[in-house]
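Worksheet for the structure shown next.
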Amino acid sequence: QVHLVESGGGLVQPGGSLRLSCAASGMIFSLYAMDWYRQTPGKQRELVATITAGRTTVYADSVKGRFTISRDNAKNTVYLQMNSLKPEDTAVYYCHTRYRLNDSWGQGTQVTVSS
């Protein structure tokens with residue numbers, strides 16, 4: 001049973017920064033790609049960033065140059081560093097992995113960018 005727990009969300013002003021964390025258990029973490037998604041009301045869940053087991057990274061165009069995904073396999077944790085935040089980044093952010101053909105999701109953490 002894969003269990004993902006996000007943390008680090010909150011309220012920040014435009015231009016500010018946050019670092020989200022996702023702690024994983026129930027899997028050999030180092031062997032699997034990890035993702036960050038986000039979702040706002042009325043919109044489809046959007047893939048924000050991916051990091052593979054080999055540490056290759058992929059970003060949505062909307063966050064390129066501002067967000068950085070990384071992982072610490074010793075801590076079974078994936079991070080999303082978010083800089084230069086904009087109001088349109090406001091969303092619930094979810095950690096995700098595809099483990100043995102099954103999707104696993106965290107509970108989500110709210111990020112609100114507002115003055």
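The values are calculated or read from the model by the stated rules, or taken from the named source; none is laboratory data. Keep in mind the model is a prediction, meaning the values are calculated, not measured. Protein only, heavy atoms only, side chains kept; ligands, DNA and RNA dropped before computing areas. Shrake-Rupley method; radii C 1.70, N 1.55, O 1.52, S 1.80 Å.
Odds and ends about this structure:
- Ligands, DNA and RNA left out, the 1.4 Å accessible surface of the chain is 49% carbon and sulfur atoms.
- Phi angles across segment 61-73 convert, under the Karplus curve 6.51 cos²θ - 1.76 cosθ + 1.60 with θ = phi - 60°, into 3J(HN,Hα) values of 4, 5, 10, 4, x, 10, 10, 9, 9, 8, 9, 10, 5 Hz, Gly and Pro given as x.
- Surface exposure of the chain, expressed per residue as accessible area with a 1.4 Å probe, stands at 53 Å².
- From the alpha carbon centroid of segment 74-115 to that of segment 1-37 is 5 Å.
- Residue-span extension gain [S7 to V58] - 0.36 nm each, minus C-alpha spacing: 16.2 nm
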